[in-house]
1. For segment 139-149, enumerate the residues that are more than 17 Å from N338 (Cα to Cα) and either surrounded by fewer than 24 Cβ atoms within 10 Å (Cβ to Cβ) or of a type in the set (S, T, N, Q) (or both).
2. Scan segment 159-179 residue by residue and report those that are open to solvent by less than 10 Å² (accessible area, probe 1.4 Å) and out of contact with any strand residue (DSSP E or B) (no Cβ under 8 Å at 6 or more places or on another chain).
3. Do we have D236 as of a type outside the set (F, W, Y), open to solvent by 50 Å² or more (accessible area, probe 1.4 Å) and free of Cβ contacts under 8 Å to residues at least 24 places away in the same chain here?
4. I'm checking my understanding of the structure. Among residues of segment 76-107 that are assigned to a strand (DSSP E or B) and under 21 Å from the mean Cα position of the chain (by Cα), which one is surrounded by the fewest Cβ atoms within 10 Å (Cβ to Cβ)?
5. Where residues in segment 108-131 are free of Cβ contacts under 8 Å to residues at least 60 places away in the same chain and farther than 16 Å from A156 by Cα, which of them is least open to solvent (accessible area, probe 1.4 Å)?
6. Here is a list: G298, G315. Which entry is more than 15 Å from P235 (Cα to Cα) and either of a type outside the set (S, T, N, Q) or surrounded by fewer than 18 Cβ atoms within 10 Å (Cβ to Cβ) (or both)?
7. Considering each residue of segment 420-474, count those that are crowded, with 19+ Cβ neighbours inside 10 Å, among the basic types (K, R) and closer than 29 Å to S359 by Cβ, and give that number.
Amino acid sequence: MNMSKPSADTLSRLADAAGPGGALRAGSDDLARYLVEWRGLFHGDTPLVLRPAGVDAVAAIVRIAHETNTGLVPQGGNTGLVGGQIPDMSGNQVIVSLERMNSVRAVDPLNNTMIVDAGCTLQSIQEAAASNNRLFPLSLASEGSCQIGGVISTNAGGTAVLRYGSTRDLVLGLEAVLPNGEIWNGLSGLRKDNTGYDLTRLLAGAEGTLGIITGAVLKLFPTPTATETAFSAIPDPQAAVELLARLQDASGGLVSTFEIISRSGFELTLRHFEGAKDPLSQPSNWYVLAEVTAGTDGWLRAMLETALGSAIDDGLVLDATLAESESQRDALWALRENMSEAQKLEGASIKHDVSVPVSSVPAFLQQATDAVIEAMPGVRPVPFGHIGDGNIHFNLSQPVSMDPQAFLSQWQAMNDIVHGIVVSLGGSISAEHGIGTLKRDEIKTYKSDVELNVMRAIKAALDPKGIMNPGKLL
């Protein structure tokens, strides 16, 4: 949706509403970092970046935007991968950054809740929970810079969904500024509230199209005192699925993380990151990184050793190592978490954030790999991700000799192939990154008219002027 260009008077009013030091005008050297996402795929333009320091300032900004039909683009840490946080190139949309709203408002260890501003980084929230002997389990590779408002708005997943659920499952209540400028205070720490529509779950995952999240009540958990981390070589993805079931049975459902890593991605990490080492004696086509946590120590390691030993005897595991220290655990995790950056250093890549039922992951990996190689000989599939919840990042690196732009021009063709297979297996074309701009038009192919019409009706009811994140999601 193209909004009219805001007048000089409107821009001045918006800047004043943001408060002292809360506005960056076009031409400022500091503006560039708000206008491109980290992969460089999405670029935008804006006359103004607003950085309000409180919810009242956000509400004042939205009221002016509603009055003047000015498009607003909420932005957190700018770590999203589908362009949802980037304005278009018209120069008519104003960015609202929540980065100055970064306070932990309250921690209630007895209720296992925390109230935070939307601009808090995920890492700062984890640290605040830890200082109160509690765990906030959401973990992302970008946790040092991503902000909780953006994480909630995109319903991000991360590595612990298997045990604790996605972001939406970790949010009890929200505070948000609605498209007319009203403040909705839903900061309730209740776990049971059966009084009508669940507005919290509606706004979580709405990608800023229904309002601007300014605060949240988050679930906390007891801090595990025992953690065991295992890195295993496996013969194929089917073995990974069967190993997951065995570890869940053996631990009583205490597996918190179960990540699959392809050899192709593993080799990229070894090549591009100094100090990265293969922890096993022989190479394998596939690996899994598994973590099991509990509240008491003394039995967890023996359980894991026994389960892996049995899996080795049965051919599900070829070799395995357990972390002997926190530094070894960090080294094993680095092999997984550095894969995206390693692929970026390798050249152009086409990424797919998809999910299928866990039992269908092996079929998806085989079918998708065969199909993309047939369509583009020389393409290098780099699949990895959260096999424990069926979320696979099926990324494609360019053929070695291919021009990067020529490769990226095939993005939609590769999407059609991969997403067609995903949907045929009962999956989703976006597991944890959202829709944004990247998949906005594509969801029309995969969602029913009924579903899309309901979504449009909700958008029209809450944001009839279409000022909230114009052109995103729908």
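1. Answer for segment 139-149, where residues must be more than 17 Å from N338 (Cα to Cα) and either surrounded by fewer than 24 Cβ atoms within 10 Å (Cβ to Cβ) or of a type in the set (S, T, N, Q) (or both): just Q147.
2. Once the filter is applied, which keeps residues that are open to solvent by less than 10 Å² (accessible area, probe 1.4 Å) and out of contact with any strand residue (DSSP E or B) (no Cβ under 8 Å at 6 or more places or on another chain), segment 159-179 yields only T167.
3. It is false that D236 is of a type outside the set (F, W, Y), open to solvent by 50 Å² or more (accessible area, probe 1.4 Å) and free of Cβ contacts under 8 Å to residues at least 24 places away in the same chain.
4. I95
5. A128
6. G298
7. Of the residues in segment 420-474, 1 are crowded, with 19+ Cβ neighbours inside 10 Å, among the basic types (K, R) and closer than 29 Å to S359 by Cβ.
Condition check ((1) closer than 24 Å to R134 by Cβ; (2) open to solvent by 20 Å² or more (accessible area, probe 1.4 Å); (3) part of a helix (DSSP H, G or I)) across all residues:
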position	(1), (2), (3)
V151	yes, no, yes
G189	yes, yes, no
G196	no, yes, no
L202	no, yes, yes
G205	no, yes, no
G215	yes, no, no
L218	yes, no, no
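The values are calculated or read from the model by the stated rules, or taken from the named source; none is laboratory data. Because the structure is a prediction, the values reported are computed rather than measured. We place every Cβ from the backbone using ideal geometry, glycine too, and count neighbours over all the protein chains shown. To get the accessible areas, we keep the full protein, side chains included, count just its heavy atoms, and leave off ligands, DNA and RNA. Shrake-Rupley method; radii C 1.70, N 1.55, O 1.52, S 1.80 Å.
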